[in-house]
Amino acid sequence: MAKITIDGKEYDTESMSEKALAQTQALQYVNNQLLELEMRSAAYQTARAAYANALKRILEDGESGDDDEAKITIPDELNFD
């Protein structure tokens, strides 16, 4: 029996009308999309900071060719626990 809470009040989804269930699904979809946008935003902000730091280093230290570029090796498998 799934339940949702809105403004502190709990509702049982099994007793909801089709219309209420459709609204619940729409709300869940939008919430998931907002979470994804927040994660993307955090990734973009991290990338922006890295680019700004790299630019600052180049401007302060001068360009020394390919040595300023990060050497990254990505493993075949990544695990996030």
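Key figures for this structure:
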item	result
Some residue of the stretch 39-50 being open to solvent by 70 Å² or more (accessible area, probe 1.4 Å), modelled with pLDDT of 95 or more and aliphatic (A, V, I, L, M)	yes
Cross-chain or 6+ apart pairs with Cβ under 9 Å, the stretch 1-27 first and aromatic (Phe, Trp, Tyr), then open to solvent by less than 70 Å² (accessible area, probe 1.4 Å)	Tyr11/Ile4; Tyr11/Ala20; Tyr11/Thr24
Filtered residues of the stretch 15-38 (kept if surrounded by 10 or more Cβ atoms within 10 Å (Cβ to Cβ) and not in a helix (DSSP H, G or I))	Met16
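The values are calculated or read from the model by the stated rules, or taken from the named source; none is laboratory data. What you are looking at is a predicted structure, and each value in this text was computed from that prediction instead of being measured. Note: ideal-geometry Cβ built from the backbone for every residue, glycine included; neighbour counts use all protein chains shown. Side chains are part of the model used for accessible areas, which takes the heavy atoms of the whole protein and leaves out ligands, DNA and RNA. Shrake-Rupley method; radii C 1.70, N 1.55, O 1.52, S 1.80 Å.
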